[in-house]
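Chemist: Take a look at the following structure, please.
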Amino acid sequence: MAVLIPRLDLVISFVGAVSSSALALIFPPLVELITFSDRKLHLGMLLKDLVIAVFGFVGFLAGTYVTVEEIVYPEAESMLQDGQILGNLFNASVNMDQKLTTSSPLTSM
């Protein structure tokens with residue numbers, strides 16, 4: 001199964017972006033509007049539900065876009081992040097070695 005889906009994290013991210021935003025932020029306000037559609041809707045409830053649904057839709061678009069971009073262009077993004085992380089770690093260790101050798105309290109005596 002791992003051969004069929006080499007980057008399972010991206011699939012989980014994609015499913016989460018699509019389903020969690022829909023289940024948590026888009027469907028509940030729309031269900032509330034449909035449920036109370038036979039009654040007179042208050043402007044506050046209507047605005048609240050629309051703002052929550054739009055916020056969920058924006059989160060859905062952003063999460064889906066980022067995940068699809070990682071699926072389509074996996075090498076460039078991962079190489080850039082890995083290179084930056086390794087470069088930052090190397091520079092930090094070199095800087096720490098220089099500080100330790102130049103400002104050691106034992107060598108300054």
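None of the figures in this text is laboratory data; all of them are computed from the coordinates on show. Being a predicted model, the structure only gives us computed values, none of them experimental. Cβ sites come from the backbone with ideal geometry, for glycine too, and all protein chains shown count toward neighbours.
Chemist: FRET efficiency for residue 71 and residue 39, Cβ-Cβ distance as r, R0 = 41 Å, nearest 0.05?
Modeler: The calculated FRET efficiency here is 0.40.
Chemist: Grab the other residues whose beta carbon is less than 11 angstrom from that of residue 42, score K and R as +1, D and E as -1, and report the net.
Modeler: Result for the local shell: +2.
Chemist: Given labels modelled 7 Å from the Cα in the Cβ direction, how far is it in nm from residue 11 to residue 24?
Modeler: 2.2 nm
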